[in-house]
1. Just to be sure I understand the filter: pairs with C-beta atoms under 6 Å, separated by 6 or more residues or on different chains, first member in region 31-43 and without any contact (Cβ under 8 Å) to a residue 12 or more places away in the chain, second member surrounded by 12 or more Cβ atoms within 10 Å (Cβ to Cβ) and of a type outside the set (Phe, Trp, Tyr). Which pairs pass?
2. Quick one: which helices (runs of 4 or more DSSP H) sit completely within region 123-199 and have at least 1 residues that are over 20 Å from the mean Cα position of the chain (by Cα)?
3. If you check Ala230, Ala221, Ala250, which single one turns out to be surrounded by fewer than 19 Cβ atoms within 10 Å (Cβ to Cβ) and modelled with pLDDT of 90 or more?
4. Which one of these does Trp176 not meet: (1) of a type outside the set (Gly, Ala, Ser); (2) at pLDDT below 85; (3) under 30 Å from Leu270 (Cα atoms)?
5. Please verify whether Val193 is closer than 30 Å to Trp90 by Cα and surrounded by fewer than 19 Cβ atoms within 10 Å (Cβ to Cβ), treating the condition exactly as stated.
6. For region 189-238, which positions are among the basic types (Lys, Arg) and under 23 Å from Leu309 (Cα atoms)?
7. For region 96-122, how many residues meet the condition of being outside any loop (DSSP other than H, G, I, E, B) and either polar (S, T, N, Q) or modelled with pLDDT of 90 or more (or both)?
Amino acid sequence: MPPRQRRRQRHATASPTPRPAPPPSLLRRFATRSLSGASMLGGFGLVVAAGHGCCVLLVLLLTAGMFREVVALRLEPRRGGGAPAWPATWSFYGASVAALAAQMGPLAPAAALPPAQGALLAYCLYALAVAGFVLSLRPAHYGYQFALLAWGQATLALVVVPGFAHIRNLEKGLVWFLLPASFVICNDIMAMVCGSFLPGGRTPLISVSPRKTWEGFAGGAVFTLALARALSAALAADPALHSWLACPPAGSGWPPFGAGLDSCREAVELFAEREFAVAGVVWEARPILVHSLVLALFASTVAPFGGFLASGFKRAVRTPPSSAPRASSASLRESVARLELRISQASYQATAGSRTAWTA
């Protein structure tokens, strides 16, 4: 048989290679994200309406979930030789939560203890965590166990500390938690909508997140600033919300949907008209509007880099793609993790900065 015929026969009898499944359509991806986003927004609104205590509980749950997800990326039981992973991770997580809670106010989990006793408890927990990690070491797996310890400590710095910045903001009033979170959510959603549906909007923005576009970045900023103007006006128009939003919590924030302070100095200063002066230009406005615009600008220009950091981190560790039955839950966890990181930046840095700059 001639060589050409043999090649043809071999090609005909070979089993055809399976074609890859087509990627999900843009509309399906948009519908999935819209559904998950609507559920997250509804849950977030309910938690905020429940008051300070439920917001603190939400922050703690998200912080613990993020810590678990990030630590799981480096868990390799085979390399650990059967040694437990919690001495290098969760024991230090508990000690860090106790140490930060000891420095917080009435909303912190350790608020029932006097400050001195809270600090002593945190110190004892940290000492026990160090002792437990040393006792869990296995001679053949020192490298893996110490690498897991370093991974856990870095995760604590990136996850737990910003989480307690939320609680610090909540002690100043619900408004300093509601505004940054609302603007980050709006920016995240509208950036995806504008980048996907604007005609011709496919100009790449940054390499670590290939789906992000300049059109989405600019469109998200426009809609976020518009929301800042509308939301601040709506909050200022309802005097019944002023004390609930701006006053510090009367106690621990429990029970949910409980009554807060009837009035406070912070509410009067935040919603009353006053003069502002920048570079010799003087104008009158409500401080809530100025704060909202500053926070929205931060959420539109700086906070997205938290999402880019999460995207680069995901690619750096080369996480495998999720299977089909778990795709939606994995997408939701990733969205929560990225959203938490961006809210941490906006809520802690921008809120503190804007309050200092405009109320001095």
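The values are calculated or read from the model by the stated rules, or taken from the named source; none is laboratory data. Just so it is clear, the model here is predicted, and its values are computed rather than measured. Cβ placement follows ideal geometry from the backbone for every residue including glycine, while neighbour counts extend to all protein chains displayed.
1. Partner pairs satisfying both residue conditions: none exist.
2. Numbers: elements: 142-155, 161-170, 175-197.
Fully inside region 123-199 and qualifying: 142-155, 175-197.
3. Values: Ala221 fails: surrounded by fewer than 19 Cβ atoms within 10 Å (Cβ to Cβ); Ala250 fails: modelled with pLDDT of 90 or more.
One residue alone meets the criteria, Ala230.
4. (2)
5. On the way: closer than 30 Å to Trp90 by Cα: no; surrounded by fewer than 19 Cβ atoms within 10 Å (Cβ to Cβ): yes.
For Val193, the condition - closer than 30 Å to Trp90 by Cα and surrounded by fewer than 19 Cβ atoms within 10 Å (Cβ to Cβ) - is not met.
6. Step one: filter region 189-238 for residues among the basic types (Lys, Arg), giving 202, 211-212, 229.
Result: Arg202, Arg211, Lys212.
7. Going residue by residue through region 96-122, those that are outside any loop (DSSP other than H, G, I, E, B) are 96-101, 115-122.
Add one more test, that the residue is either polar (S, T, N, Q) or modelled with pLDDT of 90 or more (or both), and what stays is 96, 117.
Counting residues in region 96-122 that are outside any loop (DSSP other than H, G, I, E, B) and either polar (S, T, N, Q) or modelled with pLDDT of 90 or more (or both) gives 2.
Okay, residues lined up against (1) more than 22 Å from Leu179 (Cβ to Cβ); (2) of a type in the set (S, T, N, Q); (3) outside any helix (DSSP H, G or I):
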| site | (1), (2), (3) |
| --- | --- |
| Ala221 | no, no, no |
| Leu227 | no, no, no |
| Ser232 | no, yes, no |
| Leu235 | no, no, no |
| His242 | no, no, no |
| Pro248 | no, no, yes |
| Pro256 | no, no, yes |
| Ser263 | no, yes, yes |
| Glu269 | no, no, no |
